[in-house]
Structures are given as C-alpha cells and as structure tokens.
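Everything on this sheet refers to the single structure shown next.
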Amino acid sequence: MRKEGLDASVVKAVPTPGMAPCEPLLDSSRMMLPQHKETILVKQKELNRMAKLVIDEQEWQLIGQVLQDSFNGHIKVTLTLFDPFNARERSGFVTVIS
C-alpha cells in the first residue's frame, strides 16, 4: 500500500473564516506556543537594531560649538539621540554646560 503526500504547489494558504487577513507570521502563530511566538518577535526586532555611529574629533568639535552657541545666544537646538531601534529627537535650549 502506497501513501501519497500532498504536492506543495497545490496546497495554498486559506484564511480562517471569520478572521481578518494578517501577516503570514502572525497568522501562523495561532498554531505556535506563546513562547515560540515571543522568540520570533524578539529575533525580528534584533534584525532592525541599528549600530551606534562613531563620532570623530571634528564632529565632536562641531557639536560642542553648536551647544556653546545655543548656551550663549539662547538658540534652540535639536539633538538626535542614539537608540538602537529608532532615532529619538529632543529639542530645547542649552542652560548649563559642565
């Protein structure tokens, strides 16, 4: 007796009736353990991690000059702060330099 398997080209993903269409990862996660789903999401987040830039001496001097100008002239500055997953910007006035 011979068992025949399904041909992968014939099998198609069919959405679950009553469920809204969603991403394939999340759609298939209904059949995963919650721990496995969390592990996959953490790994995907790590793939989007940005490397920290190296700032050379000339750039440090330029940054220092802009901060000094803001302190002396009460000029608003906007800084982009490093975050491995998304850029954060902060605006304000320099009031103290130590």
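The values are calculated or read from the model by the stated rules, or taken from the named source; none is laboratory data. Since the model is a prediction, treat every value here as computed from it, not as a measurement. Every residue, glycine as well, gets a Cβ built from its backbone with ideal geometry; the counts of neighbours run over all protein chains shown.
See the values below:
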item	result
Members of the stretch 50-79 that are within 24 Å of the chain's Cα centre (by Cα) and either exposed (fewer than 10 other Cβ atoms within 10 Å of the Cβ) or in a helix (DSSP H, G or I) (or both)	A51, K52, L53, V54, T78
Selection count where residues are modelled with pLDDT of 90 or more and surrounded by 10 or more Cβ atoms within 10 Å (Cβ to Cβ), scope the stretch 81-98	3
Output for the stretch 35-49, where each listed residue is surrounded by 10 or more Cβ atoms within 10 Å (Cβ to Cβ), without any contact (Cβ under 8 Å) to a residue 24 or more places away in the chain and closer than 13 Å to P84 by Cα	E46
